[in-house]
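To start, the structure under review is shown below, and the notes come after it.
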Amino acid sequence: MSRFEYHKSMLRYTVFAVLLTIVAISVLAKGLYIVVAEHDYWEEVSSMKKIDSISVPPVRGNILSDNGQQLACNLPEYRMYMDFVALQESKADTLWHDSVGNDTRVLHALCDSLHAIFPQKTAAEYLEHLKKGYEKRSRYWPVVRQRVSYTVYQRVKALPIFRLKPGVGGFTAKKFMVRNRPYGSLASSIIGGTYNEKGVAYSGLELAYDSILKGSPGFKHRRKVLNGWVDMLDSAAVDGNDITTTIDVGIQDLAERSLIKELKAVNGYTGVAIVMEVATGDIKAMVNVDRNDSTGEYYEGRNHAIADWLEPGSVFKTASFMVALDDGVIDTTDHVDTGCGLMQMYGSTMRDHNWHRGGYGMLSVPRVLQVSSNIGVSYLIDRHYHNNPEKFVEGLHRVGIAENLRLPFPEYMPPRVRMPKKNKRGQWTNWSNTALPWMSIGYETNVPPISVVTFYNAIANGGVMVRPRLVTKIEKDGEVIKEFPVEVLKRQICSKETLGKVQTMLRQVVSIGLGKTAGSPSFAVSGKTGTAQKAMGGGYKNGTVNYLLSFCGYFPSEAPRYTCIVCIHKAGLPASGGLMSGQVFHDIAEGIMAKNIKYDVKESRDSLSVLIPDVKTGNVLAADYVMSRLGMVCEGGWRGGCAEGKPVWGRVERKTASSVIRRTGATANGLMPDVTGMGARDAVFLIESRGARVVLKGRGKVKQQSKPAGTQMRKGEKITLELA
């Protein structure tokens, strides 16, 4: 038995241990060197292989019409690129050039297809463009300059070379979610807008409900694996909610077309139309159009309906009379002498619109409103409130014309009706003797159109003032998460007695006053006209006079469903709120009512229509053939065979729901037959078969024959037949 050589084993172990120690020290030293000396270099390499905290944008919510149609939504658009580095590294560039460097047929086919999709460049130009990117080894060489829709992107993606995987063929695309309005500019001033790149809202509903629509972003990080990047989601984006508006696309389109038509006719430069549902305050249409002076075309611009402070003019007179009636200082039986249409009031001249024709003279209170007499309104208001103008202004706030509607739009301007103030010495600080007369007829106030239509809507709604509503609910994935109920601002704007008197006067304005143009023969309309000079540059008479023409009212008068205001801004005469804005109101009201009328199907039958055809006397074979094929009832036991062959003469008697075909005996040869009621063909056949000649006068059925039936006929005799 040999001895174990212990010292040799220990030597091998020692050598092995020393080598491992050296390797470990080397590894540690290298690691320490990398961490300390090469730290910046490897950090840079690492950053090239990863990207952290990449924001994942959410999908912005949709804005929907009252019946769910999309007014604003997100659609994808794409920028398309070629990554020529990936193409060459994947060795797929053999599809680009053959072994001797010539362009391949596949490349030419690609360029031909690009020209077919984007014809603004020739196939040769596309070839040159792509070859330039190939030579530069660009990673982001644009295929075309513009963004394309999803449909176009799919067509391009299916082309030769582009259809390969991105890491092979090199074709890539960057997706953008772009805000889109399927109805174009329709209602764009109220829908608002966003900056496409960042989705930042800047106006309208987009801005007012931005926190609801925009959602919240998510985050992801990106790592490079082999030749491609892999995205890893850290937190998902929360998409925005949808909002359902009160806008009716049909009414909006009707109002816009009606308004632009009249603006073109009268050369107006700005127009506003608002349609409000009486019971709910829902805004069914809000149109704001401006004229492009360089092109003459009209476009949806600034939201004048809620953002403009205007002196409303004569539509304000309704509020003035409502205050006075409610305070009991005037009544509808009172009269006022408006004289010759001119009246001096504290050194200024108040004029009625017909002053040059001698004025209106003595007028009743209702007639004052019907003819929109400035003198009548201002005189009565000044007479009863001159020493206490605060009471009148407080009344304007009470009836709601000066109510702050608190609409959720940054551009909204609440009404501004000046309250009289005095200093410690009892002197007016912001008031003059002329302030009250002119305020009563709609000057020296600032009221946007939305406030005027809300006031008139309260009159139509039995005195209940509701807040204008533009959004009814918020939805998420089709599920309602919040609803916006109807909000009542004032339970009663005036007494019921006053309201009834005002309603009657407004109806008379249209039926017998200056608002006739706004009326309809099919239903009753109530409202008030307005024609006001616009202050330009701090005054009213700087060159050409500018006018605000308006009509505000509701329909049908008996059971109001809609309130509408139309405002037209124009320069120079002629200018008439009743004729011009009233015409737009008429067109809108007629269009809405025509759309909503529902009749029983029985009422669609024309009382003058003929349900059983008027069949001519003559060959009843033809009549029976046609009527049986039409499924009509023929009584009398008659059933013909075919419309061809030997004629069978007879008469057809028409009843309420059927016809009776009766066969008649043939007239003997040589005697004149009775051809009355026959068509020309049958009558001529019968007479000329007996040797006579026929002269026809007129068209239709035979009404009269020159020779009486049953009399003797001569050969060659001329018979005249009168048809009708």
On a 0 to 90 degree scale, rounded to 10, what angle separates helix 105-117 from the longest Cα axis of the chain? 40
Dipole of region 297-447 [Lys/Arg +1, Asp/Glu -1 at C-beta], most positive-end residue of T333, Y443, S348: S348
Just to be sure I understand the model, the point goes 7 Å from the Cα along the line to the Cβ. What's the resulting A37 to A571 distance in nm? 8.1
Can you tell which of L19, Q146, T104 lies farthest toward the positive end of the dipole of the chain, using +1 and -1 charges on the Cβ of basic and acidic side chains (Lys, Arg; Asp, Glu)? T104
By the mean-Cβ-within-10 Å protection proxy, highest first, 668-674, 318-324, 60-66 rank as 318-324, 60-66, 668-674
Highest mean first, how do 518-524, 366-372 rank when packing is the count of other Cβ atoms within 10 Å averaged over residues? 366-372, 518-524
Structure-based [θ]222 nm, the chain - -39500 (n - 2.57) summed over DSSP H runs of at least 4, per residue, nearest 500: -9500 deg cm²/dmol
Could you check the simple spin-label distance between S55 and V23, using points 7 Å along Cα→Cβ, in nm with one decimal? 5.1
Relative to 2.2 N^0.38 Å, what does the C-alpha radius of gyration of region 309-437 come to as a ratio? Two decimals please. 1.14
Nearest 10, in degrees from 0 to 90: the angle of helix 123-135 to the longest Cα principal axis of the chain is 20
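What per residue convex hull volume, in Å³, comes out for region 469-517 when only alpha-carbon positions are used?
134
Multiplying the sequence separation of A265 and H397 by 0.36 nm and subtracting their Cα-Cα distance, what value in nm do you get?
Residue separation times 0.36 nm, minus the Cα-Cα distance, leaves 43.8 nm.
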Computed for region 333-440: size of charge dipole around the Cα centre, +1 on C-beta of each Lys and Arg, -1 on C-beta of each Asp and Glu, debye to nearest 20, value 400
Any chance you could check the Cα centroid distance between region 457-517 and region 670-724 for me, in angstrom? 72
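In region 73-122, which trypsin sites (Lys or Arg not before Pro) fall in coil by DSSP and have 11 or fewer other Cβ atoms within 10 Å? Kindly include the intermediate steps, with their values, before the conclusion.
On the way: sites: R79, K91, R105, K121; in loops: K91, K121.
The qualifying sites are K91.
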On alpha carbon coordinates alone, what is the Rg over Rh value for region 287-349, Rh being the Kirkwood radius? 1.20
Just to confirm a number: summing +1 for Lys and Arg and -1 for Asp and Glu over residues other than I481 whose beta-carbon lies under 11 angstrom from that of I481, what do you get? -2
Around V278, which amide H atoms from residues at least 5 apart in sequence, or from another chain, sit under 5 Å from its own amide H, with H modelled in the peptide plane? Y562, T563
Which residues qualify? For F171, with a placed amide H closer than 5 Å and at least 5 residues away or on another chain, they are D83
What per residue convex hull volume, in Å³, do the alpha-carbon atoms of region 397-546 yield? 226
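Could you size up the charge dipole of the chain around its Cα centre, putting +1 on the beta carbon of Lys and Arg and -1 on that of Asp and Glu, and report it in debye to the nearest 20?
Here the size comes out at about 1680 debye.
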Violating pairs (Cα-Cα greater than 23 angstrom) within the set K490/K516; K174/K220; K421/K501; K284/K528: K490/K516; K421/K501
Principal axis lengths of region 381-479 from Cα atoms, whole Å, largest first? 65, 29, 20
With an 8 Å cut-off on Cα pairs and a minimum separation of 6 or more residues, tell me the relative contact order of the chain in percent. 10
Nearest 10 degrees is fine. How inclined is helix 39-49 to the longest principal axis of the chain, computing both from alpha carbons? 30
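Test of understanding: what is the full-extension gain from S149 to V15, defined as 0.36 nm times their sequence separation minus their Cα-Cα distance?
Answer, rounded to one decimal: 41.1 nm.
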Taking amide H atoms as placed 1.01 Å from N in the peptide plane, list the residues 5 or more away in sequence, or in a different chain, whose amide H sits under 5 Å from that of L71. I63, L64, S65
Is there a pair in K534/K570; K91/K136; K136/K175 whose C-alpha atoms are over 19 Å apart, and which pairs would that be? K136/K175
Give me the three principal axis extents of region 220-373 from the C-alpha atoms, as integers in angstrom, largest value leading. 96, 43, 35
Other residues with Cβ under 12 Å from the Cβ of N669 give, with Lys and Arg +1 and Asp and Glu -1, a net charge of +2
At a threshold of 8 angstrom on Cα-Cα distance, excluding pairs fewer than six apart, so keeping six or more, what relative contact order does region 327-474 reach in percent? 19
Just to be sure I understand the curve: with the Debye formula and one point per C-alpha of the chain, what is log10 I(q)/I(0) at q = 0.06, 0.11, 0.12 Å⁻¹? -0.69, -1.07, -1.20
Accessible-area value, V168, 1.4 Å probe, nucleic acids and ligands omitted, Å²: 60
Using the per-residue mean of other Cβ atoms lying within 10 Å as a proxy for protection, in what order, highest first, do the peptides 705-717, 379-391 fall? 379-391, 705-717
Taking the convex hull of the alpha carbon atoms in region 375-434, what volume per residue do you get, in Å³? 125
Extension gain I117-K421, at 0.36 nm per residue separation less the Cα-Cα distance, in nm? 102.3 nm
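The values are calculated or read from the model by the stated rules, or taken from the named source; none is laboratory data. In this text, all values refer to a predicted model and were calculated from it rather than measured experimentally. All Cβ positions, glycine included, derive from the backbone under ideal geometry; neighbour counts span all protein chains shown. Areas reflect the complete protein model, heavy atoms only, side chains present, ligands, DNA and RNA absent. Shrake-Rupley method; radii C 1.70, N 1.55, O 1.52, S 1.80 Å.
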